[in-house]
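Presented below is the structure to which this report refers.
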Amino acid sequence: METWLRELPKVELHLHIEGSLEPELMFSLAARNNVALPYDTVDEVRAAYDFSNLQSFLDLYYQGMRVLHTEQDFHDLAMAYLERAHEEGVVHVELSFDPQAHLNRGVELAIPFEGLRRAMRDAQRRWGMTTALIMSFLRDRDASEAMDVLEKAAPFYESIDAVGLDSAEVGNPPAKFAAVFERAKALGIPRVAHAGEEGPAAYISEALDVLDICRVDHGVACLQDETLLERLRESQVPLTVCPLSNVRLKVVPTMADHPLPAMIEQGVKVTLNSDDPAYFGGGVLNNYLACFEAFDWDRELFKQLAGNAIEVAFMSEARRSELL
Ligand code: HPA
Ligand code: ZN
């Protein structure tokens, strides 16, 4: 089954590129940029990845990305991930990034944009891999800061496939970003948002109502609300679920407790993704394998989930028909 799952053409819709930073690359970029790290060895870094919740992860995630300074750093980070994804049989990757987490350390917007775009072009040339770029806003910061970033990103609108919303969810409801998402909509930019990861089902409904999103990132809290379930079933709005992330961040105790089988049973359109592969136990293939081990799903189901992601990806219709 592992060989078959590796060879199945897979699409990744939920990936924070800063969360793909492996400890080895963290050390080499730290050396390149003269950044001090609070660790001496790769093993020490990995040992620190023992999270109790989303915030405990975010603290290390923001700390780790401090090694990223130049366009070349962002290029190398993305290239390293895209190569691993290619080896796992991933044929299309949608990269999210957090410009505010870089701007706030003095790294100008053009740096991640140019570095990531160059890696995306290289991946297309080398492997025929297609990609999309999602610019995410940090929901635990003021909405005015997100609005400023959206305006500042004007020279790059052509390279933005969607805007997203991530970081600490509880206490930062979707409606806080109503004006930002309205502006993105007016600009013709598609919208996605994390909702119902640690937050309640009500945040999923609110993100659909107020932010007019076309995909929900995570959404695992949807089972709490019958009305929402009915809505997700009817609309077939897709959920980008990241099972290994949910276990590592203690959203669910173990893979066996994961709500994915129930969500599928309820007719919700789900896809399988990695979220932050360096921190949560691997990329898309490992997430597929973890589901196989926990739920013993058959090939038909995996084909359907991979197909769901192809159907709802930000890709040209020509590429979609090639993959479907
Ligand atoms: N949840 C919310 N924000 C994030 C995550 C996540 O899993 N990863 C990076 N930013
Ligand atoms: Zn995420």
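Brief remarks follow.
- Compactness of the chain as Cα Rg over 2.2 N^0.38 Å, two decimals: 0.93
- Convex hull volume of the Cα atoms of region 157-230, normalised per residue: 81 Å³.
- Working note: 222 nm ellipticity from helices only, DSSP H runs with n ≥ 4, each -39,500 (n - 2.57), summed and divided by the residues of the chain, gives -14500 deg cm²/dmol to the nearest 500.
- Part-to-part distance (alpha-carbon centres) for region 100-135 and region 256-324, which is given in Å: 24
- Using distinct alpha-carbon pairs, which all enter the 1/r mean, Kirkwood radius of region 193-315 in Å: 14.4
- Listed residue (Ala184, Ala306, Asn273) projecting farthest to the positive dipole end of the chain, Cβ model: Ala184
- Semi-axes of the equivalent ellipsoid of region 115-156 are 29, 11, 6 Å, computed as sqrt(5λ) over the eigenvalues of the C-alpha gyration tensor in descending order.
- Residue by residue, region 269-282 carries 3J(HN,Hα) couplings of 7, 10, 10, 10, 9, 10, 6, 9, x, 6, 9, 10, x, x Hz when phi is fed to the Karplus relation 6.51 cos²θ - 1.76 cosθ + 1.60 (θ = phi - 60°); x denotes Gly or Pro.
- The loop-placed chymotrypsin sites (Phe, Trp or Tyr not before Pro) in region 4-101, going by DSSP, include none that has at most 12 neighbouring Cβ atoms within 10 Å of its Cβ.
Values quoted throughout were computed directly from the atomic coordinates according to the rules given, and no laboratory measurement underlies them. All figures in this text were calculated on a predicted structure; none of them were measured in a lab. Quick reminder, even Gly has a Cβ in these numbers, built from the backbone with ideal geometry, and neighbours come from all protein chains shown.
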